[in-house]
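Enquirer: One structure is given below, represented as structure tokens, and several questions about it will come after.
The values are calculated or read from the model by the stated rules, or taken from the named source; none is laboratory data. These numbers were taken from a predicted model, which means no experiment stands behind them. In this analysis, Cβ positions are derived from the backbone assuming ideal geometry, glycine residues included, and neighbour counts consider all displayed protein chains. Surface accessibility is based on the protein's heavy atoms, side chains included, excluding ligands, DNA and RNA. Shrake-Rupley method; radii C 1.70, N 1.55, O 1.52, S 1.80 Å.
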Amino acid sequence: MATGEWEPREEDAYEFEFDLEDPFISAADEPIASLLDAEGHHAPSVSAVASTVRRDAAGFISKVRFGAELAVQPRVAYLALNYVDRFLSKRQLPYEQQPWAPRLLAISCLSLAAKMQRVADFSIADIQSDEEFPFEEVNVRRMEHLVLDALDWRVRSVTPLAFLGFFLSAFYPPPRHPLQVSAVKARAVDILHCAQPEVKMAEFSPSVTAAAALLGAAGEITAANLPAFQAGLDACPFVNSDKLRECGEVLTAVCGVGPGRASASADTPVTVLGHHRSASSASESDWTVGSAANCGGNDAKRRCMGPPSQWG
């Protein structure tokens, strides 16, 4: 190795606690431009998300996400499935020869996600407590390194959650009552968690998915503000209106998004895996408007074309 050449180390990946709503290692000069530049590098392929390996891995993550004794935090499960999708977009696993491979991938991605979220009580042994043949920790660690290599150590994923704060600060119509905006955001997060396992969601960029989830949430919680919010997002130069409409239709089909359905769907969301569970814990619903952008509507549109900044 040449003198001064940097070699990634596992501990470097976890130097900072990873906030899914603010994936940058350091403050970006042009937050939305940096997110837009990064989202293409982090978006999974449709073929990867439609694979049998992904289906089985998602099934295991969903089991530990909703299991009474195995439950992991919603954001850990969300980030883990994102890692699975990104890994499978770069690498293939020999499913026919090794049918256990999806479970090993899921456990490794859950472990990585727990580290990134600084979850102290996460246990590889615990999430395998009901498995007949649990994996040894050394094998999970090896798989973690394969995942990290496939992701080029870019573990600070740019997901739809990273765009929520920007869209709310830039396009949500006044008056912006804090409790109302927080409720819209919390419901959008529920929708994103519910929809993530759906294969068709891979057809949409993280930014479009975030915008569609916010529109669905606004329609349920504050329908009077929906037309103005819709108009603002339709005018956004980087949101494709057709894709936004298509994504909204998928969210409606998968998560039951629609006026008057907020309470019912939050209590019993139905994912493609057939689980009927609580959409989020109380702590997940307490999120406030994030820091994805600190700019107003007109300024936000001008900033869209700014240069990309560093991202993890």
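Enquirer: Sort through E131, E136 and tell me the only one that's acidic (D, E), touching a residue at least 12 places away in the same chain (Cβ under 8 Å) and farther than 22 Å from A195 by Cβ.
Expert: Going through E131, E136 in turn, just one is acidic (D, E), touching a residue at least 12 places away in the same chain (Cβ under 8 Å) and farther than 22 Å from A195 by Cβ: E131.
Enquirer: Which members of the stretch 11-50 meet the condition of being hydroxyl-bearing (S, T, Y), open to solvent by less than 50 Å² (accessible area, probe 1.4 Å) and modelled with pLDDT under 75?
Expert: Within the stretch 11-50, the first condition is being hydroxyl-bearing (S, T, Y), and the residues that meet it are 14, 26, 34, 45, 47.
So of that shortlist, the ones also open to solvent by less than 50 Å² (accessible area, probe 1.4 Å) come out as 14, 34, 45.
Matches in the stretch 11-50: Y14 only.
Enquirer: Only helices (runs of 4 or more DSSP H) wholly contained in the stretch 128-231 count here; list those with 3 or more residues that are surrounded by fewer than 20 Cβ atoms within 10 Å (Cβ to Cβ).
Expert: Values: elements: 137-150, 161-171, 178-195, 206-221.
In the stretch 128-231, the matching helices (runs of 4 or more DSSP H) lie at 137-150, 178-195.
Enquirer: Still on this structure, please answer the following. Return a yes/no flag: does the stretch 241-259 have any residue that is under 26 Å from R156 (Cα atoms), at pLDDT below 95 and either surrounded by fewer than 17 Cβ atoms within 10 Å (Cβ to Cβ) or not aromatic (F, W, Y) (or both).
Expert: No - not one qualifying residue is present in the stretch 241-259.
Enquirer: Within the stretch 66-108, track down each residue that is of a type outside the set (A, V, I, L, M, F, W, C), touching a helix residue (DSSP H, G or I) at 6+ places or on another chain (Cβ under 7 Å), without any contact (Cβ under 8 Å) to a residue 60 or more places away in the chain and open to solvent by 10 Å² or more (accessible area, probe 1.4 Å). Before the answer, list the steps.
Expert: Initially, the stretch 66-108 is screened for residues of a type outside the set (A, V, I, L, M, F, W, C), giving 67, 69, 73-75, 78, 82-83, 85-86, 89-92, 94-99, 102-103, 108.
If we keep only those that are touching a helix residue (DSSP H, G or I) at 6+ places or on another chain (Cβ under 7 Å) as well, we get 74, 78, 83, 85-86, 89-91, 94-95, 102-103, 108.
Now narrow it down to the ones that are without any contact (Cβ under 8 Å) to a residue 60 or more places away in the chain: 89, 91, 94-95, 102-103, 108.
S89, R91, P94, Y95, R103 - these are the residues of the stretch 66-108 that are of a type outside the set (A, V, I, L, M, F, W, C), touching a helix residue (DSSP H, G or I) at 6+ places or on another chain (Cβ under 7 Å), without any contact (Cβ under 8 Å) to a residue 60 or more places away in the chain and open to solvent by 10 Å² or more (accessible area, probe 1.4 Å).
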